[in-house]
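**Q** This structure is in structure tokens; I'll ask about it shortly.
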């Protein structure tokens, strides 16, 4: 028997990851030590690493001196890390994830500038740019060291501190991508000041989400600070970002970081959100879509007798106080079929059984594996009539 | 101080991987339990998984009934795993890694057939096809479960049992790719019988390599079985494949599986091999190029007083006994500059400092960080004159 002579070989190992998310203000001010200390800590005798910086166009528009500041900052580091001759600027927002040519041009930049596995790619911008650049870094030379500097509320409290990247493909969100932790993340809170109101607000959706499924106290804090948050109080927002980022990172590290299992329990409100983003051709921000998705699943949870009427109204009220819309015409009667398709696509993206997270209370998540389309339709109607 | 109010957040975790490499004969014979038992062991209540099978064209040419056999094999499994309506056949050999359209067509197949993260992609073929399909699986939906069925000596003893995938881009080998362990590997030794002599032989290069840097006893075994190996003795070859696969897998699991560090100590003979493959437009097989690369670095090791003359000759003699060429005209005087460029590219691909593995004895590896071009040139001349 061949099986006897050549026994099976087992490969079993663990791959360790470790990175910190630092909070700072004015990261490229010459006296700010955060980034410099990190780069110096990684120095290896006798080598000068390269760094390719990729910037979000929207950020540059608000900070016209940023490119010059970055170049000046790195001048004092040139024995440790050398910037490539150019800083690459890419369009921001979800559009950048829809354009395969943009991905290719960044891979070409890696090639042109000779960025190797021990060099850095430093991605600075909103979540979409970080996702795009992260995917480039993950697959070039089988993984280049990625430093993320998220500049929006959403990316600082959620996607930018996590382990995923991705781009859209043939109309499917994040169809291509990978799990690839960064080597460091720097949340520069000053960048939040230049966000427009929609981006300031929409980033809070993930904080509400994580509070609803994990942390009732955090929800209460958001509820009592809703007005200050809406009125752009930076210290309150910084607290929200820090607490949300911590919850998100703990969930990753203590759970199933690369999602080999079958559920993604942080995804409350997301199945409808993903579909809404496409149905509105991304005129909705991700957070705006998530707010609507959470409103829908909150009402659905109530109609399924999981959630009290009081809790339902309290959640919808916080969303509204923060300035979120909780309904969109694309949820309407004639579009419902499209919405239902979203359930199927969500299942396919997650793989395996459909798993939808609902609420059994504020701070109490509950997974279900079926959605009753009649109840879903009446939940939509409830929101339409509010 | 903002840094005090919002302390850094640390993310630290380990991602566990586990897979077995089973050795069998006739994996798709209906009574063969290997693959069936694996798929049954992974079954989840109430779900039927999908499987997309991708086959190497060269293999199909030698096994015209294979597609029918696979379909029959899976019929008895259809409550557990359902094959997609079509089995995809792709051209084999390095060419398949040079064609981005092929990669795209496979991603499209994942989309078309609705292959999700918990479905399987089953890649059957030589190392190049496994690399290509592995890369597709790694980035579609951020990672689809990959089963590898390597069918060549090289893929069964080396690349197919490891953790990498990749495709070439703009003339650079494995420029795009990732580290993504399979969920299972099945080495069907019967497939080796249909290999042509070049593929049979060239796969042994990695076994010689690993014996030279890690396992002198294995080298002695190869030396004393060289004739049987050359004369296509399947049991001897099976032993070689099993022992080489084990050494390769142990190296990965006990070392730095995703190569975050700076060296790749299993890469003896590979820097010149990579370049030679390109210089010969892949008319050289990978193993043929590695054999020449090892001959070159063996002679270089001798010329640098690391290796005795006796060991040098013994190594060159085993390579020749197995039927390998140990010189190629592309190493010649007028091409040396190209070869030197290969050193630079190798450094860039590895990242950080140049690290080249030499021999300080049979079974004794030694890393160096500099290559003396004069000695390299005279090593080339030595091989040219043999």
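FYI, it's all coordinate maths here, none of it is from the lab. All values derive from a computational prediction rather than experimental measurement. Quick reminder, even Gly has a Cβ in these numbers, built from the backbone with ideal geometry, and neighbours come from all protein chains shown.
**Q** What does a probe at residue A:305 reach in the range A:363-381, counting residues whose amide N is under 16 Å from the point 7 Å along Cα→Cβ?
**A** Under cut-off, by backbone N: A:372, A:375.
**Q** In degrees between 0 and 90, to the nearest 10, how far off the longest principal axis of chain B does helix B:336-350 point, with axes built from Cα atoms?
**A** So the helix axis and the longest Cα principal axis differ by about 50 degrees.
**Q** So for the protein assembly as shown, considering every pair of alpha-carbon atoms, how many percent are separated by more than 53 Å?
**A** 16 percent
**Q** For a Förster distance of 35 Å, can you work out the FRET efficiency between the beta-carbons of residue B:10 and residue A:95, rounded to the nearest 0.05?
**A** 0.55
**Q** Hey, another quick one. Counting alpha carbon pairs within less than 8 Å and at least 6 residues apart, what relative contact order, in whole percent, applies to the range A:20-194?
**A** Answer for the range A:20-194 is 25 percent.
**Q** Give me Rg over Rh for the range A:203-271, both radii from the alpha carbons and Rh done the Kirkwood way, two decimal places.
**A** Here the Rg-to-Rh quotient is 1.02.
**Q** Hey, what did chain A get for relative contact order, percent, Cα under 8 Å, at least 6 apart?
**A** Rounded, it is 14 percent for chain A.
**Q** Still on this structure: For chain A, modelled as a GNM with alpha-carbon contacts under 10 angstrom, which of A:168, A:187, A:157 fluctuates the most?
**A** Looking only at A:168, A:187, A:157, the largest GNM fluctuation is found for A:168.
**Q** Also, quick follow-up: Treating the point 7 Å from Cα along Cα-beta-carbon as the label, what are the nm separations from residue B:256 to the other copies, to one decimal?
**A** Inter-copy label distances (nm, one decimal, shortest first): 3.1.
**Q** Next question. Rounded to the nearest 500, what is the 222 nm mean residue ellipticity of chain A from helices alone, with -39500 (n - 2.57) per DSSP H run of 4+ residues and division by all residues?
**A** On the way: 18 runs with 184 residues, N = 386.
Mean residue ellipticity at 222 nm (helix-derived): -14000 deg cm²/dmol.
**Q** With each label point set 7 Å from Cα along the Cα-Cβ vector, what nm distance links residue B:79 and residue B:374?
**A** Result for the modelled spin labels: 7.6 nm.
**Q** Related question: Shielding by partners for A:17-26, please: the mean number of other protein chain Cβ atoms within 10 Å of each residue's Cβ.
**A** 5
**Q** Cα centroids of the range A:229-304 and the range B:231-281: how far apart, whole angstrom?
**A** 44 Å
**Q** Label points 7 Å out from Cα along the Cβ direction at residue A:233 and residue B:313: separation in nm?
**A** According to this spin-label approximation, the distance is 8.7 nm.
**Q** Quick one: compute the contact order of the range B:324-386, relative version, from alpha carbon pairs under 8 angstrom and 6+ residues apart, as a percent. Please list the in-between numbers first.
**A** Working: 41 pairs, mean separation 20.0, N = 63.
It comes to 32 percent, rounded to a whole number.
**Q** Note the angle between two axes, namely the Cα long axis of helix A:234-254 and the longest principal axis of the Cα atoms of chain A, as a number of degrees from 0 to 90, rounded to the nearest 10.
**A** 90 degrees
**Q** What are the label-to-label distances in nm, one decimal and shortest first, from residue A:46 to the same spot in the other copies, with labels 7 Å along Cα to Cβ?
**A** With the label placed 7 Å along Cα→Cβ, residue A:46 yields 6.1 nm.
**Q** Which order do B:135, B:327 fall in if you start with the one that has the fewest other Cβ atoms within 10 Å?
**A** B:327, B:135
**Q** I want to verify the translational diffusion coefficient of the range A:44-105 in µm²/s; compute it with Stokes-Einstein, Rh as the Kirkwood radius over Cα pairs, at 4 °C and 1.567 mPa s.
**A** The calculation lands on 98 µm²/s.
**Q** Take every Cα-Cα pair in the range B:232-301 and report what % of them are more than 15 Å apart. Intermediate values should be presented prior to the final figure.
**A** Working: 1590 of 2415 pairs.
When all Cα pairs of the range B:232-301 are counted, 66 percent exceed 15 Å.
**Q** Also, I was wondering about something else. Tell me the angle of helix A:127-139 to the major Cα principal axis of chain A, expressed in degrees between 0 and 90 and rounded to the nearest ten.
**A** 50 degrees
**Q** Can you work out the base-10 log of I(q)/I(0) for chain B at q = 0.10, 0.14 1/Å, using the Debye formula on its C-alpha atoms alone?
**A** Values, matching the q order: -0.66, -1.20.
**Q** Using alpha carbon centroids, what distance separates the range B:191-223 and the range B:99-168, in Å?
**A** When both Cα centres are located, 24 Å separates them.
**Q** Arrange the following residues from fewest to most other Cβ atoms within 10 Å of their Cβ: B:347, B:198. Please report the intermediate quantities before stating the final value.
**A** Numbers: B:347 18, B:198 13.
Sorted ascending by nearby Cβ count, the order is B:198, B:347.
**Q** For the range B:19-167, rounded, prolate or oblate, judged on the Cα gyration tensor with a ≥ b ≥ c (square roots of eigenvalues), a/c < 1.5 rounded, else prolate if a/b > b/c?
**A** Details: a/c = 1.45, a/b = 1.18, b/c = 1.23.
Since a/c stays below 1.5, the shape of the range B:19-167 is classed as rounded.
**Q** Just grab the label-to-label distance for residue B:37 and residue B:332, each label 7 Å out from Cα along the Cβ direction, in nm (one decimal).
**A** 5.5 nm
**Q** Arrange A:105, A:238 by Cβ neighbour counts within 10 Å, fewest through most, would you?
**A** Working: A:105 14, A:238 20.
So the ranking, lowest neighbour count to highest, is A:105, A:238.
**Q** List the extent of the Cα atoms of the range A:79-219 along each of their three principal axes, largest first, rounded to whole Å.
**A** Largest first, the range A:79-219 extends 48, 41, 27 Å along its Cα principal axes.
**Q** Note the distances from residue B:364 to each other copy's matching label point, with points 7 Å along the Cα-to-beta-carbon direction, in nm, sorted shortest first.
**A** Label point to label point, same position, other copies: 7.0 nm.
**Q** Output needed: percent of Cα pairs per 5 Å distance bin for the range A:229-363, bins running from 0 to the one holding the longest distance.
**A** Going out from 0 Å in 5 Å bins, the range A:229-363 shows 2, 9, 16, 20, 22, 18, 10, 3, 0 percent.
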